[in-house]
Amino acid sequence: MAKLLLILLIGLVFEAAGVVFLKKGITQVGEVKKVSVTEIVRIVKVGGTNPCVVWGVFFEALFFASLLILMAKSDISFLWPLTGLSFVPATFAAMWFLHERVSSVRWAGVVFIMIGVALISYSEHVKAKSPPPAAAREPGTTPP
């Protein structure tokens, strides 16, 4: 379990780095004036050559790889909500690297996410300690 949590934490750092690089890069690319095929092609061409966008995609790919490793080893009902923790490092990264102001309401949202993740982690802990189900009995027999 500790190894899975370490992989998750590393993956969440990759994800936060990816989001910050993507935001920085897409800001450099320029505003999307209207949603059209021409504008989408422009964004893809300019974004595909922007170093920040490329680094962002790279870090998001590392996050995706760590997510695949985790999916192979744990229940999705446990794992997927834990990825919500990405809001924590992403919020700090936005403050530190993008100089965004984070309101108290947003921090409250981050705290609620962390509470939800704690409840899900606790449910996995309880599941691990619960006794295995009773063996199937033949019809008409009584338990010993």
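Worth a mention:
- Percentage relative contact order, the chain, counting C-alpha pairs under 8 Å, at least six apart: 29 percent
- Looking at the range 1-36, the trypsin sites (Lys or Arg not before Pro) that sit in a DSSP loop and have at most 15 other Cβ atoms within 10 Å of their own Cβ are 33, 34.
- The chain: DSSP helices with Cα axial extent of at least 20 Å and average Kyte-Doolittle hydropathy no lower than -0.5: 2-29, 51-73, 104-129
- For the range 2-129, the Kirkwood estimate of hydrodynamic radius, built from reciprocal distances between every pair of different alpha carbons, is 16.3 Å.
- Proximal lysine pairs, the chain, alpha carbons under 21 Å, eight or more residues apart or interchain: 13
Every number here is computed from the coordinates shown, using simple stated rules; none is lab data. Predicted model, so just to flag it, every value in this text is computed and none were measured. Neighbour counts run over all protein chains shown; Cβ positions are idealised from the backbone, glycine included.
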